[in-house]
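Everything below concerns the one structure shown next.
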Amino acid sequence: QVRLVESGGGLVQAGGSLRLSCATSGIILSVFRGNAMDWYRQAPGKQRELVATLESSGGTNYADSVKGRFGISRDNSRRRLYLEMNDLKPEDTGLYYCNHRNYRNHWGQGTQVTVSS
């Protein structure tokens, strides 16, 4: 059974940093590393939005709002995805989710990030 478990969120002041982790299970290594993975977030009262993508090739894409501040990475041997978030802003507040492109319908519980001004 495929599972994704996000962690690392918390309450931080504007300008601070957090590192989110996404632990996966139930995904064989070749499938894990052969597909892209994404980080999404959902702010209160808003739709879920794509924040960052890490392609299997290593290429990355970021939402304009986080470019230059966030960094996405993965550890294939541990089947984990990470999101390094720096210079956090109050508008970064939300519930953050990871997603694996081969398992689009599988979502974790998310990890809450709250940035105070």
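Results, tabulated for the structure shown:
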quantity: Flag for Glu91 being farther than 16 Å from Gly110 by Cα and either touching a helix residue (DSSP H, G or I) at 6+ places or on another chain (Cβ under 8 Å) or of a type in the set (Asp, Glu) (or both); calculated: yes
quantity: Filter result (loosely packed, with under 15 Cβ neighbours inside 10 Å and among the hydroxyl-bearing types (Ser, Thr, Tyr)) within the range 61-72; calculated: Ser65
quantity: Gln42 open to solvent by 50 Å² or more (accessible area, probe 1.4 Å), in contact (Cβ under 8 Å) with a residue 24 or more places away in the chain, in contact with a Leu (Cβ under 6 Å, 6 or more places away or on another chain) and of a type outside the set (D, E, K, R); calculated: yes
quantity: Which listed residue is under 14 Å from Ser17 (Cα atoms) and more than 13 Å from the chain's Cα centre (by Cα), from Asn102, Asn86; calculated: Asn86
quantity: Every residue from the range 9-39 that is surrounded by 14 or more Cβ atoms within 10 Å (Cβ to Cβ) and polar (S, T, N, Q); calculated: Ser21, Thr24, Asn35
quantity: Hits in the range 73-95 (condition: among the aliphatic types (A, V, I, L, M) and buried (at least 21 other Cβ atoms within 10 Å of the Cβ)); calculated: Leu81, Leu83, Met85, Leu88
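The values are calculated or read from the model by the stated rules, or taken from the named source; none is laboratory data. Model, not experiment: these values are computed from the prediction. Glycine also receives a Cβ, built like all others from the backbone with ideal geometry; neighbour counts cover every protein chain displayed. All accessible areas refer to the heavy atoms of the entire protein, side chains included, with ligands and DNA or RNA removed. Shrake-Rupley method; radii C 1.70, N 1.55, O 1.52, S 1.80 Å.
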